[in-house]
Amino acid sequence: MDIDTKSDQDLLRRAVGGDERALTAVIDRHVAAVTRYAWAITSRRMDVEEVVQDTFLTLWRRAGELASVESLLPWLLVTCRHHALNLNRKDARHRAEELDDELAAPDDPAEARDRLRFVMGEIDALSETDRRVCELCLVEGRPYAEAAEVVGLSVGAVKQRVLRTRTRLRKAVTDHER
């Protein structure tokens, strides 16, 4: 009997039983549709590849629970969507916000220092630990883990302090520009 003519349900039962060819057949059957869907909800090739891989890894891990599913494609597309949304949320947390052109630093360093004196005042008003975290992460661009090691905090505490400092500085810039 040809494995390509079997239903998704039959292939999953065989895959749960250890038949690698059955799992490969399920993947081959649905990979094009899942990939097209991933392209529709993510923007970078690297993200598409990651989302598709995570979707089929989830299928492999949960195959035993899905043996009663008649058609896998709807389940795969929902799983793909969840992985893409999680990836997009993760990327959004790490994406820096762009400054408006009018807030960008001027070419003249003296003018830039003058315009940003209020920000420097806000940085100076921070606690010693927050100021050090600000210098390490926001000014020098060091990773959170490295800053955490330098100041003796957990990575989560450093992330929280950076978030608070960015919010405070953004408010200072916005209030000053008004």
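Can you tell me which residue in the range 14-27 is surrounded by the fewest Cβ atoms within 10 Å (Cβ to Cβ), limited to those that are in contact (Cβ under 8 Å) with a residue 40 or more places away in the chain and more than 16 Å from Trp75 (Cα to Cα)?
If we take residues in the range 14-27 being in contact (Cβ under 8 Å) with a residue 40 or more places away in the chain and more than 16 Å from Trp75 (Cα to Cα), then Val16 is surrounded by the fewest Cβ atoms within 10 Å (Cβ to Cβ).
Can you tell me which residue among His83, His30 is surrounded by 15 or more Cβ atoms within 10 Å (Cβ to Cβ), touching an Asp or Glu at 6+ places or on another chain (Cβ under 6 Å) and assigned to a helix (DSSP H, G or I)?
Details: His30 fails: touching an Asp or Glu at 6+ places or on another chain (Cβ under 6 Å).
After applying the criteria, what remains is His83.
Count, please, the residues in the range 110-153 that happen to be charged (D, E, K, R), under 25 Å from the mean Cα position of the chain (by Cα), at pLDDT below 85 and within 20 Å of Lys171 (Cβ to Cβ). I'd like the intermediate steps shown before the answer.
Looking only at the range 110-153, we keep the residues that are charged (D, E, K, R), and these are 111, 113-115, 117, 122, 124, 128, 130-132, 135, 140, 142, 146, 149.
Narrowing the set further to residues that are under 25 Å from the mean Cα position of the chain (by Cα) leaves 135, 140, 142, 146, 149.
After this cut, where a residue has to be at pLDDT below 85 as well, the list is 140.
Within this subset, residues satisfying the condition of being within 20 Å of Lys171 (Cβ to Cβ) are none.
Number satisfying all stated conditions: 0.
Results for (1) out of contact with any helix residue (DSSP H, G or I) (no Cβ under 8 Å at 6 or more places or on another chain); (2) modelled with pLDDT of 90 or more; (3) under 18 Å from Ser68 (Cα atoms); (4) among the basic types (Lys, Arg), shown as yes or no for each residue.
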position	(1), (2), (3), (4)
Gln9	yes, no, yes, no
Leu12	no, no, yes, no
Val16	no, no, yes, no
Val31	no, yes, no, no
Val34	no, yes, no, no
Glu49	yes, yes, no, no
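Given the options Trp75, Trp60, Trp39, name the one that is assigned to a helix (DSSP H, G or I) and over 19 Å from Gln9 (Cβ atoms).
After ruling out the rest, the residue left standing is Trp39.
For residues that are small (Gly, Ala, Ser) and surrounded by fewer than 16 Cβ atoms within 10 Å (Cβ to Cβ), scanning just the range 36-47, find the one that is modelled with the lowest pLDDT.
Ser43
Working only within the range 52-76, note down all residues that are modelled with pLDDT of 85 or more and of a type in the set (Asp, Glu).
Asp54, Glu65
Output the residue which, of all residues in the range 138-149 that are without any contact (Cβ under 8 Å) to a residue 24 or more places away in the chain and closer than 19 Å to Ile123 by Cα, is surrounded by the most Cβ atoms within 10 Å (Cβ to Cβ).
Ala147
The values are calculated or read from the model by the stated rules, or taken from the named source; none is laboratory data. It should be emphasised that the depicted structure is a prediction, and the values quoted were computed from it without experimental measurement. Every residue, glycine among them, receives a Cβ derived from its backbone with ideal geometry; neighbour counts consider all protein chains shown.
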